[in-house]
Amino acid sequence: VLFITGALANDEYNKLHQNIPWRYEEGEVRAFKKKFPLLIAWPTAAVLLDVVFVMVGVSYAMTEAGEIAVTAVFLLLLALIVPIYVWAGMTYAMYDIDAYNKENDPKQKTWADSACSIIMLLAVAVYLLWSFLRSDWHISWVVFPVAAMFCGVARLILEMVEKKKRELRKKERSS
């Protein structure tokens, strides 16, 4: 419920505020962007160490209660690590006003964006149909990487076509 209401509120905000003026001090942004790689690298290392902890811990756990304790510690550490990723990503996006303005500018929407949206929606439909009708949950996930490849190909082709159209319009105006 929270994710749905949050996404809808964010969508409405983006429609109302399609262009946000710059409002942060350059030094503040530079300082954060300098720390950002560490805010991603250290939690990634911590997650990998947490996985190693589980592998080692479960192999030494003699009882089911020991395995449960190792799993609980794993999940607790994960619960402490994941918010760092979320905060870093949200803060990065907050400072990246140019990307926000570009993403929410209706003039920037392209045929490639629409094509990728359609491809991914079709991928979800194919995945659900395949999985429910054939009970192939173990393999049907492959639909998503295939759809992502189609998305990339469609984007390349449509962006080349749009670039050619822009060049032709530019030539027509200049002649």
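The values are calculated or read from the model by the stated rules, or taken from the named source; none is laboratory data. The structure presented is a predicted model; accordingly, all values stated were derived computationally and were not measured. Cβ coordinates were reconstructed from backbone atoms using ideal geometry, including for glycine residues, and neighbour counts include every protein chain displayed. All accessible areas refer to the heavy atoms of the entire protein, side chains included, with ligands and DNA or RNA removed. Shrake-Rupley method; radii C 1.70, N 1.55, O 1.52, S 1.80 Å.
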message: For the stretch 121-157 and the stretch 24-95, what is the centre-to-centre distance using only Cα atoms, to the nearest Å?
response: 30
task: Pop out the carbon and sulfur fraction of the accessible area of the chain as a percent, whole number, probe 1.4 Å.
output: 71
task: Return a single number: how many Lys pairs in the stretch 1-133, at a sequence separation of 8 or more or on separate chains, have alpha-carbon atoms below 21 angstrom apart.
output: 4
message: Quick one: the Cα spread of the chain along its three principal axes, in angstroms, biggest first?
response: 82, 54, 30
- prompt: Do any trypsin sites (Lys or Arg not before Pro) in the stretch 1-88 lie in a DSSP loop with no more than 13 other beta carbon atoms within 10 Å, and if so, which?
  reply: Arg23
query: Just in the stretch 73-175: which chymotrypsin sites (Phe, Trp or Tyr not before Pro) are loop by DSSP and have at most 11 other Cβ atoms within 10 Å?
result: Trp137
- prompt: What nm distance separates the two modelled labels at Val126 and Ser175, each placed 7 Å from Cα along Cα→Cβ?
  reply: 4.1
message: Placing unit charges on C-beta atoms (Lys and Arg positive, Asp and Glu negative, everything else neutral), compute the dipole magnitude of the stretch 1-56 about its Cα centre in debye, rounded to 20.
response: 180
- prompt: With the dipole of the stretch 1-99 worked out from charges on the C-beta (+1 for Lys and Arg, -1 for Asp and Glu) around the Cα centre, which of Phe3, Ala93, Phe53 lies farthest toward the positive end?
  reply: Ala93
field: Relative contact order (percent, whole number), the chain, Cα cutoff 8 Å, 6+ residue spacing
entry: 22
field: Accessible surface, the chain, averaged per residue in Å² (probe 1.4 Å)
entry: 78
- request: Can you tell me the FRET efficiency between Val142 and Ile97 if r is taken as the Cβ-Cβ distance and R0 is 30 Å, rounded to the nearest 0.05?
  value: 0.20
task: Quick one: dipole size for the chain, taken about the Cα centre, charges +1 on Lys/Arg Cβ and -1 on Asp/Glu Cβ, in debye to the nearest 20.
output: 1120
